[in-house]
Amino acid sequence: MTARIIDGKEFAAGVRKRVKAAAEAFRQKQGVPVGLTVVLVGNDPASEIYVRLKVSDAREVSIDSRDIKLPATASEQEVLDVVRRLNADPAVHGVLVQFPVPAQVRQEAVLDVLSPDKDVDGLTALSAGRLASGRPGLVSCTPQGCLMLVKSVRPRLDGLDAVVIGRSQLVGKPMGQLLLQENCTVTTAHSKTRDLKEVVSRADILVAAVGRAEMVRGSWIKPGAIVIDVGMNRVDLPGGKSKLYGDVAYDEALQVASAITPVPGGVGPMTRACLLRNTVLAACAQAGMDPLAGL
Ligand code: NAP
């Protein structure tokens with residue numbers, strides 16, 4: 001058996017198309033565009049690229065996006081004041097502070113002032129609490145994208161055994177919550193898990209979010225499992241080149257799984273698309289408007 005390859009790029013293109021239609025419907029009904037503001041503190045080159053991509057991704061789907069740049073020397077108070085101002089600005093529906101922030105600014109302090117209604121990254125403690133207690137709220141983009149990819153191959157997940165490797169606030173924990181909401185029996189594995197191979201071998205759905213190139217071998221995977229590979233591990237090759245690897249040994253897993261996401265081209269594009277989707281969902285919730293069905 002060779003697994004079906006889940007094309008995250010193509011799926012994300014569909015999401016972006018629906019988000020654009022919903023953003024345009026919002027503008028028509030409300031008379032104002034959906035607004036996203038990205039805050040960058042400092043000038044880390046990688047962060048600058050991510051912010052530029054987020055702003056341009058948003059513009060492509062008719063979201064009015066802008067960035068606010070603060071110097072690397074900005075105090076925590078200055079950053080918190082900017083976030084508070086954006087919380088109160090009715091033209092801004094989504095706010096994202098690009099992490100990491102410089103050492104003098106505490107990430108938790110930033111997240112603690114950010115309104116959960118505008119938390120399009122789904123990172124605040126209130127967003128996590130809403131998810132854990134099954135209330136409506138904004139969900140972290142990567143796990144939301146992973147769930148959409150799983151459901152693209154298997155719409156009903158009731159009763160399936162799901163294993164998530166990783167327990168980060170960003171990916172592993174919300175992923176487990178989302179799969180639980182879909183009535184899976186969820187196991188969360190981490191660095192202290194005993195006999196990871198045995199745990200993985202029980203998974204009908206496997207989500208690997210570890211950060212270790214090809215750690216999960218094909219022989220660990222249950223035949224027919226759906227495999228979602230979140231890992232993005234850049235490995236240096238001879239000759240000054242490098243290659244991106246997932247957390248799953250892709251060629252091996254391809255022979256065993258029923259469906260698998262590639263790296264790159266799997267989860268990554270969905271993370272980007274889900275940020276846009278969250279922004280429109282946030283705007284609709286703030287306006288008391290139903291988003292377009294199927295968003
Ligand atoms: P993280 O915060 O470093 O968390 C990694 C998790 O993996 C931790 O819970 C850790 O366990 C666990 N782990 C580490 N070594 C392990 C081992 N040998 N066996 C089992 N579990 C182990 O990372 P993250 O932010 O969740 O990201 C995970 C990966 O996804 C990274 O490669 C990252 O680049 C990638 N990522 C991709 C996207 C995307 O859009 N494609 C988005 C976000 C992240 P402990 O908790 O016990 O330390």
Practice task
Could you run through the range 193-222 and say how many residues are under 18 Å from GLY266 (Cβ atoms), near the ligand (Cβ under 10 Å from one of its atoms) and either in contact with a Lys or Arg (Cβ under 7 Å, 6 or more places away or on another chain) or assigned to a loop (DSSP other than H, G, I, E, B) (or both)?
Solution key: 6
Problem - Residue match in the range 224-231 (condition: over 15 Å from LEU149 (Cβ atoms) and open to solvent by less than 40 Å² (accessible area, probe 1.4 Å)) - result: yes
Handout entry: Flag for LEU179 being hydrophobic (A, V, I, L, M, F, W, C), within 12 Å of the ligand (Cβ to nearest atom) and open to solvent by less than 10 Å² (accessible area, probe 1.4 Å)
Key = no
Handout entry: The listed residue being surrounded by fewer than 24 Cβ atoms within 10 Å (Cβ to Cβ) and either within 20 Å of the chain's Cα centre (by Cα) or not hydroxyl-bearing (Ser, Thr, Tyr) (or both), out of THR261, THR279, THR271
Key = THR271
Completion exercise
Within the range 150-169, the count of residues that are of a type in the set (Gly, Ala, Ser) and assigned to a strand (DSSP E or B) comes to 1
Handout entry: VAL61 being buried (at least 17 other Cβ atoms within 10 Å of the Cβ) and β-branched (Val, Ile, Thr)
Key = yes
Problem - Selected residue [touching a helix residue (DSSP H, G or I) at 6+ places or on another chain (Cβ under 7 Å) and open to solvent by 20 Å² or more (accessible area, probe 1.4 Å)] from ARG135, ARG106 - result: ARG106
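Quick check: anything in the range 277-286 at pLDDT 95 or above, within 16 Å of the ligand (Cβ to nearest atom), over 15 Å from LEU138 (Cα atoms) and out of contact with any helix residue (DSSP H, G or I) (no Cβ under 6 Å at 6 or more places or on another chain)?
Among the residues of the range 277-286, not one is at pLDDT 95 or above, within 16 Å of the ligand (Cβ to nearest atom), over 15 Å from LEU138 (Cα atoms) and out of contact with any helix residue (DSSP H, G or I) (no Cβ under 6 Å at 6 or more places or on another chain), which makes the answer no.
The values are calculated or read from the model by the stated rules, or taken from the named source; none is laboratory data. Keep in mind the model is a prediction, meaning the values are calculated, not measured. Quick reminder, even Gly has a Cβ in these numbers, built from the backbone with ideal geometry, and neighbours come from all protein chains shown. Accessible surface is based on the protein model in full, side chains and every heavy atom, while ligands, DNA and RNA are left aside. Shrake-Rupley method; radii C 1.70, N 1.55, O 1.52, S 1.80 Å.
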